[in-house]
Amino acid sequence: MKISANSKRCVLSPIRKFYPFSEKAKAQGKKVYHLNIGQPDLPTPEAFFEATQAFSQKTLEYAPSPGMPVLLDAVQKYYEKLDVTLKTDDIFITTGGSEALLYTCLSILDPGDEVIIPEPYYPNYRTFINAAGGKICPLPTQPENGYRYCDREKIEGLINANTRAILLTNPGNPTGVMLSEAEMQMIADIARKHNLYIISDEVYREFCYDDSGRIPCMGRIQGIEDNLIIVDSVSKRFSSCGARIGCAITKNIDIQDALMKFCQSRLSVATLDQIGAAALYGVDDEYIRRSVREYRHRRDVCITGLRNIPGVMVEEPMGAFYVMVKLPVDDTDVFQEWLLTEFDDHGDTVMYAPGAPFYETPGSGVDEVRIAYVLEENKLKRAIEILGLGIARYRKEKMGIE
Ligand SMILES: Cc1ncc(COP(=O)(O)O)c(C=O)c1O
């Protein structure tokens, strides 16, 4: 039986690729430290559980397709605090930011259309874009330059008749790069000049570590109302990945019409999750400030540990909770398998996400990894220590380097 060409161009998540090996290692009694997945471990605010437990209707009905009014109002008020004025009609509640990304791609792309994305990038973008028949046009960056990508000449050099959009993650997964206000303005100018969409994935919006207290949002930039689609989510902000609530936000009426068709086709997003998510937006801002302080501390612990490993190259990330790291090994895919099958230190080993699948350009990222610093301090320190021990032993045993 035939399988679609679009699905064949999609890939399984590289972040979960070594799961069978880690299960086997665990079955053999090893302890595996997970630096591979961006699953926040801080407690979800009680408000979520209280709101869902208080649900008293006798029937669990479908919610309205674009979202329940209580959640749309909560999202609108949250954006007001960011100085972004929205109508509730501009907001489409989705099953996580993931569905917002998929529906955005389905709304704006035709087969052959290109989306410029700085690489390394969040690998699931490949699935969303390919499912819509589109194609990623990578904007290369350099580890030596902290993966910064905002270079007008380079971006404009990639634009051609098929280019439809620029997709940004700000702050960035996997690099932690955060755009300055001037850089955001530059992207906006490019999009306006070349009539492109900007898909601004801001699911890590509050996780910024630059001391300015600035919370970035493309929605504050004037004059790009028709270009901009913001992708948002409660997953990271409220440590509630399992709630599966996100949204796509746009003032472009044509995209709104397209999004509505996709939202109606899946009828609705889970009612109880929407009720819980609405309550999350009522939580004291101190919850988010505390989370951000905690992740900033973990970033510092992580970077200090990594810089103590000889041959490791790492720049301090400014946001989100990931860092791309260049390791002194030949192939981080092979090294990961070795860590899980042949190595342990007192029964402990470690997992990261190998770097190559974060790139579109073949051959890039083979000696890089993405580390998610979502473990608490002591576990994080130990995980990085194991990584250092593993690198030293692998270099000696497999690469013949002392
Ligand atoms: C950059 C980025 N965008 C979107 C998502 C989707 O998250 P969710 O579907 O949980 O909102 C993630 C999840 O890790 C992410 O890292």
Checklist line | Test for VAL84: is it farther than 23 Å from CYS241 by Cα, β-branched (Val, Ile, Thr) and within 16 Å of the ligand (Cβ to nearest atom) | finding: no
Next item on the list: Select from the stretch 190-207 the residues that are among the β-branched types (Val, Ile, Thr) and crowded, with 23+ Cβ neighbours inside 10 Å and write down the one among them that is farthest from the ligand (Cβ to nearest atom).
Entry: ILE199
Note to self: Checking VAL350 against (1) assigned to a strand (DSSP E or B); (2) surrounded by fewer than 20 Cβ atoms within 10 Å (Cβ to Cβ), only one condition comes out false. Which one?
What the structure shows: (2)
Checklist line | Single match in GLY242, GLY246 (criterion: closer than 30 Å to ALA383 by Cβ, of a type in the set (Gly, Ala, Ser) and in contact with a strand residue (DSSP E or B) (Cβ under 8 Å, 6 or more places away or on another chain)) | finding: GLY246
Next item on the list: For the stretch 59-66, state whether one or more residues are of a type in the set (D, E, K, R), in a loop (DSSP other than H, G, I, E, B), touching a residue at least 24 places away in the same chain (Cβ under 8 Å) and loosely packed, with under 11 Cβ neighbours inside 10 Å.
Entry: yes
Next item on the list: Could you grab the pairs with beta carbons closer than 7 Å, sequence gap of 6+ or different chains, first residue in the stretch 97-113 and closer than 20 Å to ASP232 by Cα and within 16 Å of the ligand (Cβ to nearest atom), second one part of a helix (DSSP H, G or I) and of a type in the set (A, V, I, L, M)?
Entry: LEU102/ALA131; TYR103/LEU259; CYS105/ILE129; CYS105/ALA131
Next item on the list: For the stretch 175-189, name all the residues that are within 16 Å of the ligand (Cβ to nearest atom) and small (Gly, Ala, Ser).
Entry: GLY176
Margin query: Among the numbered criteria (1) more than 16 Å from the ligand (Cβ to nearest atom); (2) modelled with pLDDT of 95 or more, which one does GLY282 miss?
Written below: (2)
Item checked: Restricting the stretch 114-127 to residues that are part of a loop (DSSP other than H, G, I, E, B) and more than 9 Å from the ligand (Cβ to nearest atom), the residue that is nearest to ALA270 (Cα to Cα) -> PRO123
Notebook entry, point to check: Taking the stretch 246-273, which residues are within 29 Å of GLU183 (Cα to Cα) and either among the hydrophobic types (A, V, I, L, M, F, W, C) or assigned to a strand (DSSP E or B) (or both)?
Noted result: GLY246, CYS247, ALA248, ILE249, THR250, ILE253, ILE255, LEU259
Check: So which residues in the stretch 357-383 are without any contact (Cβ under 8 Å) to a residue 40 or more places away in the chain and under 13 Å from VAL325 (Cα atoms), if there are any at all?
Finding: VAL366
Check: Which residue, of LEU389, LEU375, is at pLDDT 95 or above, of a type in the set (A, V, I, L, M, F, W, C) and surrounded by 17 or more Cβ atoms within 10 Å (Cβ to Cβ)?
Finding: LEU389
Notebook entry, point to check: Can you name the residue in the stretch 142-154 that is more than 16 Å from the ligand (Cβ to nearest atom) and within 19 Å of the chain's Cα centre (by Cα) and is also nearest to GLU368 (Cα to Cα) among such residues?
Noted result: PRO143
Item checked: Residue list for the stretch 143-177, restricted to those being part of a loop (DSSP other than H, G, I, E, B) and under 15 Å from ARG220 (Cβ atoms) -> ASN170
Notebook entry, point to check: When you go through SER239, SER212 one by one, which is the residue that is part of a loop (DSSP other than H, G, I, E, B) and within 16 Å of the ligand (Cβ to nearest atom)?
Noted result: SER239
Item checked: Matching entry among GLY157, GLY172, GLY134 (being crowded, with 23+ Cβ neighbours inside 10 Å, away from the ligand (no atom under 16 Å from the Cβ), at negative phi and at pLDDT 95 or above) -> GLY134
Notebook entry, point to check: Pick from the stretch 215-227 the residues that are outside any loop (DSSP other than H, G, I, E, B) and more than 16 Å from the ligand (Cβ to nearest atom): which of them is surrounded by the fewest Cβ atoms within 10 Å (Cβ to Cβ)?
Noted result: ARG220
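For (1) aromatic (Phe, Trp, Tyr); (2) assigned to a helix (DSSP H, G or I), each residue gets a yes or a no:
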position	(1), (2)
ASP73	no, yes
GLN76	no, yes
TYR79	yes, yes
VAL84	no, no
PHE92	yes, no
ILE129	no, yes
Notebook entry, point to check: Being surrounded by 12 or more Cβ atoms within 10 Å (Cβ to Cβ), closer than 28 Å to ARG296 by Cβ, charged (D, E, K, R) and free of Cβ contacts under 8 Å to residues at least 24 places away in the same chain, is that true of even one residue in the stretch 73-91?
Noted result: no
Margin query: Looking at the stretch 291-326 only, could you name the residues that are touching a helix residue (DSSP H, G or I) at 6+ places or on another chain (Cβ under 8 Å) and assigned to a helix (DSSP H, G or I)?
Written below: HIS297, ARG298, VAL301, CYS302, GLY305, LEU306
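The values are calculated or read from the model by the stated rules, or taken from the named source; none is laboratory data. Only a predicted model underlies this, so the values are computations on that prediction, with no experimental measurement involved. Ideal geometry is used to build each Cβ from the backbone, glycine not excepted, and the neighbour counts take in all protein chains shown.
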